[in-house]
1. Just to be sure before I move on: is residue 135 over 27 Å from residue 304 (Cα atoms), in contact (Cβ under 8 Å) with a residue 12 or more places away in the chain and under 26 Å from the mean Cα position of the chain (by Cα) in the structure I sent?
2. Scan the range 368-401 for residues that are hydroxyl-bearing (Ser, Thr, Tyr) and exposed (fewer than 13 other Cβ atoms within 10 Å of the Cβ) and report the count.
3. Does residue 440 meet the test of being of a type in the set (A, V, I, L, M), more than 17 Å from residue 257 (Cβ to Cβ), at pLDDT below 80 and under 36 Å from the mean Cα position of the chain (by Cα)?
4. Condition first: of a type in the set (Asp, Glu) and part of a helix (DSSP H, G or I). Now tell me which residues in the range 325-374 satisfy that.
5. Among the candidates 428, 347, single out the residue that is at pLDDT 95 or above, of a type in the set (A, V, I, L, M, F, W, C) and out of contact with any Ser or Thr (no Cβ under 9 Å at 6 or more places or on another chain).
6. Does residue 217 qualify as being at pLDDT 85 or above and within 30 Å of residue 299 (Cα to Cα)?
7. Looking only at the range 287-314, which residues are of a type in the set (A, V, I, L, M), touching a strand residue (DSSP E or B) at 6+ places or on another chain (Cβ under 7 Å) and buried (at least 19 other Cβ atoms within 10 Å of the Cβ)?
8. So, in the range 333-367, of the ones that are of a type in the set (S, T, N, Q) and crowded, with 20+ Cβ neighbours inside 10 Å, which residue ends up nearest to residue 308 (Cα to Cα)?
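The values are calculated or read from the model by the stated rules, or taken from the named source; none is laboratory data. Keep in mind that this is a model prediction, so the values were computed, not measured. Virtual Cβ from ideal backbone geometry, glycine too; neighbours counted across all protein chains shown.
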Amino acid sequence: MEARPNGGSGDGVVRGERCTVLTPVMRGPVAPGREPEARLAEAEGLARAIDLDVVHAETVRVAEPKPATLIGSGAVERLHGLIEEQDIKLAIVDWPLSPVQQRNLERAWSCKVIDRTGLILEIFGARARTREGQLQVELAALSYQRSRLVRSWTHLERQRGGFGFIGGPGESQLEIDRRLIGERIARLKKELAEVKRTRGLHREARKRVPYPVVALVGYTNAGKSTLFNRLTNATVMAKDLLFATLDPTMRVVKLPSGRDIILSDTVGFISDLPTDLVAAFRATLEEVSAADIILHVRDVAHPETTLQQQEVIKVLKELGLETRLDGDMIEVLNKIDLLEPGDRETVLEQAERQAHAVALSALTGEGTDRLLADIDQRLASQRQIGHFKVPHGEGAALAWLYSHGEVLTRRDDEAFAYLDVRLDPADVGRYQRLYPVAPA
């Protein structure tokens, strides 16, 4: 088994560690519309996303949150017996814990304890692949850790993935040095600024190509990466795991018209994601802001598909994309292969009625041709028709128009070619700057 570094006594976190997942259920409408069992199942999925062995999971009723332990003393005592009996090494509490609550539960249960934020950061650390993703994760982790001062952070200079929240209680190493963390955060922000500048240059380079950008967004595990692989014949990790993708992956896709686009796969959203984590990944989601079309991939076979849809829309609005949600977004109703015949027909009829929806199965490929055609049509509607008069000697100008636009008509005389071409508005101006010939 492979060990990952941690911030504790030096013992690596081993894949397959025995853990319990506990979802507190507060009195009153804490999570409107979400069933406790669905929240628990999602928390179990998060734990399995980093290869933890979930040997026990339950919802824990909380009549009144306790400042010292969050849950009541009776439940704390009962769970201590269960944790000891089943040799559980890690308890995941699917709720934000204060540093005091986390420390007290570790002492009461004699095992490691992490909350929802810590678990998500562990997943981010394990899944981030690009340099930017790794920097973003470490920055979020340090900010989170600085507020706690419960763990040592001696792995700062030797980090390879994972952030040490799954460390061990009773650590003998020195307490976190605030100055060290502050200096590291400052260095990370400088590195991130440089990485973002580089990404900005890459985006400018793509504008000069230019290919339209189509970004996939959606709730985690909705099937974005599977759809990405289907459309691009790529092999991006597409396991049945929450947060399987944490860095945007881009590939060129050819549409039915022959036009090329850049398809971008992005990190999945999830309910109750702390706002500081969303902020830490804002740069990763910049590809969505810059996209010409947004594909909102939904798992229509999931019992909480509507709530997941609302969560994604809420995050997109937080990212300032509210004005893009109508005209520039296609709703992809995915996983129709998992639906019962009656439900399947309902979803297919829903997609037919809506102008901006496509029902498909990314796994089987059914409906993906329709999606590509819809993207093609949507991009074409954003273009304008220009009239061009090109001297026959200007072969480069003719080639540029054919490669960047859709030539609708062409008429030639002895000296000129007269073309009607559908182009992006920005390309009309670019053509005129590159080839300042007389207009038609």
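1. yes
2. Residues flagged as hydroxyl-bearing (Ser, Thr, Tyr) and exposed (fewer than 13 other Cβ atoms within 10 Å of the Cβ) within the range 368-401 amount to 1.
3. Here the answer is no, as residue 440 does not meet what is asked.
4. The answer is 337, 343, 345, 349, 352, 369, 374.
5. 347
6. yes
7. 288, 291, 293, 294, 295, 297, 300, 312
8. 334
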